[in-house]
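Encoded as structure tokens, the structure appears first; notes follow it.
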Amino acid sequence: MIHSQVLLSLVSAQRCLNAVAAGTTVQNGTGVNLAGFDGVLFVLGVGALTANQVTALKAQQSSDNASADAYDDLEGTLVGPLLDADGNKLLILDVYRPEKQWVRPVVNRATANAVIDFVLAIPYCSRGVPTSYGSTVAATKAVVTPAEGTA
């Protein structure tokens, strides 16, 4: 039995942007449905950064994943820009209690090339158990006080 405070019972996870080759174009991530969650943590992993790049992460929201309500920027969510020496590092953005159900990450790239490795979304503070995971998650496992031995 999994202890009720194991992190996997309180969060979900999904990959919402795959790797993108070096470039300067803005990249919109997949929308994350926050029904049943209080917030979402976005983690952007970057690769090589070219001098003078201006790479940053922000969030946008929509009530219906842009069916009729377009995604709009969320005020104050811009994190970055990365420094030129920040290749192979992360930017992390936490959006707590947005006003609308769907939130997506947007990676702003400009001026010079930046490689995107991924954007991971971690919805958290689940109001319903069990927590489900999106199709981008192959497997999950939680252990409580494991003994030493064969993994």
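Just to check your reading of the model, which residue among 26, 46 is within 16 Å of the chain's Cα centre (by Cα), at pLDDT 95 or above and either surrounded by fewer than 19 Cβ atoms within 10 Å (Cβ to Cβ) or on the phi > 0 side of the Ramachandran plot (or both)? Give the derivation first.
Details: 46 fails: either surrounded by fewer than 19 Cβ atoms within 10 Å (Cβ to Cβ) or on the phi > 0 side of the Ramachandran plot (or both).
Unique residue meeting the criteria: 26.
Here are 116, 92: which of them is exposed (fewer than 14 other Cβ atoms within 10 Å of the Cβ), in contact (Cβ under 8 Å) with a residue 12 or more places away in the chain and among the aliphatic types (A, V, I, L, M)? Don't jump to the end; show me each part of the working.
Working: 116 fails: exposed (fewer than 14 other Cβ atoms within 10 Å of the Cβ).
It is 92.
For segment 49-82, what are the residues that are within 13 Å of the chain's Cα centre (by Cα) and more than 18 Å from residue 107 (Cβ to Cβ)?
Once the filter is applied, which keeps residues that are within 13 Å of the chain's Cα centre (by Cα) and more than 18 Å from residue 107 (Cβ to Cβ), segment 49-82 yields nothing.
Evaluate the following for residue 111: is it surrounded by fewer than 18 Cβ atoms within 10 Å (Cβ to Cβ), in contact with a helix residue (DSSP H, G or I) (Cβ under 9 Å, 6 or more places away or on another chain) and within 25 Å of residue 19 (Cβ to Cβ)? Break it down stepwise before answering.
Numbers: surrounded by fewer than 18 Cβ atoms within 10 Å (Cβ to Cβ): yes; in contact with a helix residue (DSSP H, G or I) (Cβ under 9 Å, 6 or more places away or on another chain): no; within 25 Å of residue 19 (Cβ to Cβ): yes.
The answer is no for residue 111.
Output the number of the condition that residue 84 fails; it satisfies all remaining conditions of (1) over 19 Å from residue 124 (Cα atoms); (2) surrounded by fewer than 13 Cβ atoms within 10 Å (Cβ to Cβ); (3) among the acidic types (Asp, Glu).
(2)
The values are calculated or read from the model by the stated rules, or taken from the named source; none is laboratory data. In this text, all values refer to a predicted model and were calculated from it rather than measured experimentally. Cβ coordinates were reconstructed from backbone atoms using ideal geometry, including for glycine residues, and neighbour counts include every protein chain displayed.
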